[in-house]
Amino acid sequence: MENENLGLNFINKVVLMRVSMLLIFVFASMYSTAQKKPLDHTVYDGWQSIGEKKISNNGKWIAYTIDVQEGDGQMVIQQTSGSRKMIIPRGYNVSITNDNRYAVFLVKPFYKDTREAKIKKKKTDELPKDSLCIIGLENDSLIKMA
């Protein structure tokens with residue numbers, strides 16, 4: 001008789017534990033779904049991705065762009081061994097010279113300026129233009145040509 005009670009107590013404990021785990025899982029899943037932000041176009045606009053990627057001939061410099069869905073992206077030029085990092089707003093199409101001393105790239109006009117010009121249906125030659133830039137990797141000197 002005592003063995004039967006021990007068996008029933010064990011089964012009751014197992015059933016009780018399974019039911020309590022199920023209830024915890026149900027309540028936890030209901031709570032987590034209530035906290036999620038809905039996906040719509042405003043969320044997509046904030047997503048970023050790595051665009052262009054370049055490595056210098058000697059491997060000491062890397063350059064990459066961080067592209068956004070809508071708005072102004074940025075370009076990063078970074079030393080692979082060290083903490084030197086240059087962030088260039090709206091930079092793209094980078095090339096590092098063969099002697100690894102300079103980075104040559106373009107800088108887009110502000111997104112809002114280009115968008116406003118397109119909304120006003122300006123001619124192509126009236127749209128804001130990109131700028132050509134050269135940056136010295138050894139001394140951070142910058143030359144910008146409109």
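Quick one: count up the residues across the range 44-63 that are modelled with pLDDT of 90 or more and in a loop (DSSP other than H, G, I, E, B).
Here the count works out to 5.
Would you confirm, using the coordinates I've provided, whether residue 56 is over 24 Å from residue 146 (Cα atoms), touching a residue at least 40 places away in the same chain (Cβ under 8 Å) and open to solvent by less than 70 Å² (accessible area, probe 1.4 Å)?
So residue 56 fits the description; yes.
List the residue pairs whose Cβ atoms are under 6 Å apart, where the first residue sits in the range 62-76 and is under 14 Å from residue 114 (Cβ atoms), the second is basic (Lys, Arg) and surrounded by 15 or more Cβ atoms within 10 Å (Cβ to Cβ), and the two are 6 or more positions apart or on different chains.
72/90
Name every residue in the range 104-131 that is aliphatic (A, V, I, L, M) and either in contact with a Leu (Cβ under 6 Å, 6 or more places away or on another chain) or closer than 15 Å to residue 72 by Cβ (or both), in order of residue number. Working first, answer last.
Keep residues of the range 104-131 that are aliphatic (A, V, I, L, M), which gives 104, 106-107, 117, 119, 127.
Selection gives 106, 107, 117.
List pairs: first residue in the range 36-48 and farther than 24 Å from residue 76 by Cβ, second residue open to solvent by less than 100 Å² (accessible area, probe 1.4 Å) anywhere in the structure, Cβ distance under 8 angstrom, at least six positions apart or on different chains.
37/43
Here is a yes/no grid of residues against (1) open to solvent by 30 Å² or more (accessible area, probe 1.4 Å); (2) not in a loop (DSSP other than H, G, I, E, B):
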residue: 78; (1), (2): yes, yes
residue: 86; (1), (2): no, yes
residue: 94; (1), (2): no, yes
residue: 99; (1), (2): yes, no
residue: 105; (1), (2): no, yes
residue: 114; (1), (2): yes, yes
residue: 122; (1), (2): yes, no
residue: 138; (1), (2): yes, no
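Modelled with pLDDT under 90 and within 23 Å of the chain's Cα centre (by Cα): is that true of residue 114 in this structure? It would help to see each step written out before you state the result.
On the way: modelled with pLDDT under 90: yes; within 23 Å of the chain's Cα centre (by Cα): yes.
In short, yes.
Return yes or no: is residue 23 assigned to a loop (DSSP other than H, G, I, E, B), open to solvent by 60 Å² or more (accessible area, probe 1.4 Å), modelled with pLDDT under 90 and not acidic (Asp, Glu)?
On the way: assigned to a loop (DSSP other than H, G, I, E, B): no; open to solvent by 60 Å² or more (accessible area, probe 1.4 Å): yes; modelled with pLDDT under 90: yes; not acidic (Asp, Glu): yes.
Against the criterion (assigned to a loop (DSSP other than H, G, I, E, B), open to solvent by 60 Å² or more (accessible area, probe 1.4 Å), modelled with pLDDT under 90 and not acidic (Asp, Glu)), residue 23 does not qualify.
Name the residue, out of 134, 66, 143, 87, that is among the hydrophobic types (A, V, I, L, M, F, W, C) and at pLDDT below 90.
Values: 134 fails: at pLDDT below 90; 66 fails: at pLDDT below 90; 87 fails: at pLDDT below 90.
Result: 143 is the single residue among 134, 66, 143, 87 that is among the hydrophobic types (A, V, I, L, M, F, W, C) and at pLDDT below 90.
Can you name the condition, by its number, that residue 141 falls short on among (1) of a type in the set (Ser, Thr, Tyr); (2) more than 27 Å from the chain's Cα centre (by Cα); (3) within 22 Å of residue 45 (Cβ to Cβ)?
Residue 141 satisfies every listed condition except (3).
Can you confirm whether residue 40 is modelled with pLDDT of 90 or more, farther than 18 Å from residue 103 by Cβ, open to solvent by 50 Å² or more (accessible area, probe 1.4 Å) and of a type in the set (Asp, Glu)? Even if it seems obvious, please write down each step before you answer.
Working: modelled with pLDDT of 90 or more: no; farther than 18 Å from residue 103 by Cβ: yes; open to solvent by 50 Å² or more (accessible area, probe 1.4 Å): yes; of a type in the set (Asp, Glu): yes.
Taking the combined requirement at face value, the residue does not satisfy it.
Please count how many residues of the range 73-127 are over 27 Å from residue 47 (Cβ atoms) and of a type in the set (Lys, Arg).
Looking only at that region, the number is 6.
Every residue in the range 66-83 that is under 17 Å from residue 137 (Cβ atoms) and in contact with a Phe, Trp or Tyr (Cβ under 9 Å, 6 or more places away or on another chain), please. Before the answer, list the steps.
First, pick out the residues of the range 66-83 that are under 17 Å from residue 137 (Cβ atoms): 75-83.
Within the range 66-83, 75, 76, 77, 78, 79, 80 meet the criteria.
The values are calculated or read from the model by the stated rules, or taken from the named source; none is laboratory data. Worth saying up front: this structure is predicted, and the values here are computed from it rather than measured. Every residue, glycine as well, gets a Cβ built from its backbone with ideal geometry; the counts of neighbours run over all protein chains shown. Remember, those area values only see protein heavy atoms, side chains included, never the ligands or the DNA or RNA. Shrake-Rupley method; radii C 1.70, N 1.55, O 1.52, S 1.80 Å.
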